[in-house]
Structure formats: C-alpha cells, structure tokens
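What follows is a short report on a single structure.
Taken together, the values in this text are just the output of simple stated rules run on the coordinates, not laboratory data. Here the structure is a predicted model, which is why all the values come from computation and not from measurement. Cβ placement follows ideal geometry from the backbone for every residue including glycine, while neighbour counts extend to all protein chains displayed.
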C-alpha cells in the first residue's frame, strides 16, 4: 500500500513554469519570504507544493526535538537544544526529509502559535509550552491553501513569523519564543475572494497561474496523469 501514498512527480507537471520556478527559488533561498500562487482550481497548485518536498534530500535534525533543530547551527536552535549544547550534552542526530505542514482554513490563533499553560507556570515556576503549527513548520514548508479565506489576524501572525523567523507567545505576563523558520507557500482562487493588499505585499513572490489552453498540452496533462494512476490502481487491486 506504500505506493498509494506517493505524490504526483514535480517533473511530470506540464507547463506552469513560473509557479515551479518560484517554488524552487524559495527552496534555494528561504529569505525570499514565501510565495503566493493565485489561480483557478485544477492548475496543479497543491500538487506542485507536495511534489517539491519529495525532491529534497534528507537533512540532519535533533532527534526528539519538536522544532527539528539543526544540530550544526546553535544560533537557530530552540532554548532546550541550545541549553543542552551549552552544557556539553550530546545531541542525538537523525536524518529526515523536509515536510509539508498544512494549515487549515479553520485554524485558530492558539492552534497556529501554540499555547502556554499559565497555571503550570504559576504553580511550578517553569514554562510549559504546547506546540502549535508554527512549531511543526520550523525548517519545513508551511502550506496554506485558500489563504485568502484565513482570519486576517492569523495571516498577520503567519507573515510576522515568516519575516522574523521566530514565533513569540505571550499570555498573562508569561512569554515564550521558539524558532519558526519555514518556507511559506499560500495558494488561493481569486474567484473566492481577494487577499488584503497590505498582506499581499508581504509575500516575496506572487505568481498567477491558469489552466492550459493549448490542446496538445491538455492532452499531455491527461496522458501523464493516467500513466501515474495506472500503477496505483494495480497496487490497489492487488490488495483485494
């Protein structure tokens, strides 16, 4: 059943060269501040994002760290990993691929940034942090489908974290921060509503995509998709 989980290959996507180039450029240089892809349904927006992650090599990260810290870069570590490194404690290292972390349209601010247990902080005198989506997104791709339908305040938090590389949570005088360096990819269908201009300006790249109009290219899209699905159908049939 493992083959059923495969994503459509990035190199098999027909056309959409600007979109593919924008995604690749953000992988090469995450400081570009992300990319917004605008277009109608069926233009391979989400397919391209998920397929791109499959092309990337494995990288080192600290085992057991919710933020997936880079063991070779102390300046970008979370407070826990940095403290262990300062104390000379050996950090266990594993190899893992970059992931695509989804941010649902219905996500609340607490779900995105994480929460602090204030009662625990008062009673124990120590901070207890419940990680949110931004914690999972560190050193990964944060994918926001229908970003134009997100609550404006959540979008503000996302873009601030993307720009600063840090997520800060403050509750009742207690604060906590952690690394939040991720590649932000937002997609939207303009027919479902626009994104506020001040938010639009904060994406490093904006790409408009449209469905293929050329008959030969449309045929090639269908042909490649069918060739991809046949092995999946065969694998599915072999399970039953």
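Computed values, structure above
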quantity	calculated
Mean separation of Cα contacts under 8 Å (6+ apart) over length of region 48-164, as relative contact order %	27
Within region 16-46: backbone nitrogen closer than 14 Å to the residue 224 label point (7 Å, Cα to C-beta)	16-21, 43-46
Projected label distance in nm at residue 201 and residue 164, using a 7 Å step from Cα toward the beta-carbon	2.0
Folded to 0 to 90 degrees: helix 152-164 orientation relative to the chain principal axis, Cα	80
Two-decimal Rg/Rh across the chain, once Rg and the Kirkwood Rh are taken from alpha-carbon atoms	1.02
Using alpha-carbon coordinates, inclination of helix 45-55 to the longest axis of the chain, degrees	70
Residue 55 paired with residue 146, simple spin-label distance in nm, labels 7 Å along Cα-to-beta-carbon	2.8
Percent RCO, i.e. relative contact order, over the chain, from Cα pairs under 8 Å lying at least 6 residues apart	29
Tilt relative to the chain, helix 215-238 - C-alpha long axis, 0 to 90 degrees, to 10	70
Among 168, 115, 215, residue whose mean-square fluctuation peaks in a GNM of the chain (springs only between Cα atoms under 10 Å)	215
Mean separation of Cα contacts under 8 Å (6+ apart) over length of region 1-75, as relative contact order %	32
